[in-house]
Amino acid sequence: MPPSVDVVDETFLAVPRERVAAEFADPARWPSYWPDLEPEVAHDRGPAGIRWTVTGALTGTMEVWCEEVLDGTVLHWFLRASADRPDGRRAARSRAESDRRHRAFKAHAFALKRRLEAGRRAGVAPDGGR
């Protein structure tokens, strides 16, 4: 059975990928991004990002991939997980839940973009640019 929640998102940040990856490397930040999930690192790829297994409201996998693109980073986020029903079976695929999770993460991604790009004028290379 496919996961009940399947989310893919991309956001461009005019920031070096090491700075973006550092935001997700700190476990103290995770509850602000995913308050009802309990991520456990499955693979820490340093500046390329992190893969987690998740439990809590959903059970499955999640990933942040920080891809170097031009003078910044494309922040990719993937969530593939399922909610268990009270009878122990997996819930059916939920477009509404996928959309809700997608909108919530996009709000975090845009907030991160505003914070990390603060003071940068359009068309100007980011600090520490390549």
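For the chain, adding -39500 (n - 2.57) for each run of n ≥ 4 DSSP H residues and dividing by the number of residues yields -8500 deg cm²/dmol at 222 nm.
Apolar share of the accessible surface for the chain: 54 percent from carbon plus sulfur atoms, 1.4 Å probe. In order along the range 14-23, the Karplus-derived 3J(HN,Hα) couplings, from 6.51 cos²θ - 1.76 cosθ + 1.60 at θ = phi - 60°, round to 7, 8, x, 4, 4, 5, 5, 4, 4, 5 Hz, and Gly and Pro are given as x. Accessible surface for the chain, divided over its residues, is 56 Å² per residue with a 1.4 Å probe. Could you pull out every residue, at least 5 positions away or on a different chain, whose amide H is within less than 5 Å of the one on GLY49? Hs are placed 1.01 Å off N in the peptide plane, and Pro or chain starts have none. Residues meeting the criterion, in which the H sits 1.01 Å from N, are CYS66.
Along the range 59-64 the Karplus relation, 6.51 cos²θ - 1.76 cosθ + 1.60 evaluated at θ = phi - 60°, assigns HN-Hα couplings of 10, x, 10, 8, 8, 10 Hz to successive residues, with x for each Gly and Pro. In whole percents, the pair-distance distribution calculated for the chain from its alpha-carbon pairs, binned every 10 Å from zero, is 13, 42, 30, 12, 3, 0.
The values are calculated or read from the model by the stated rules, or taken from the named source; none is laboratory data. This structure is a prediction, so every number in the text was calculated from the model and none was measured. Just the protein is used for accessible areas: all its heavy atoms, side chains included, with ligands, DNA and RNA removed. Shrake-Rupley method; radii C 1.70, N 1.55, O 1.52, S 1.80 Å.
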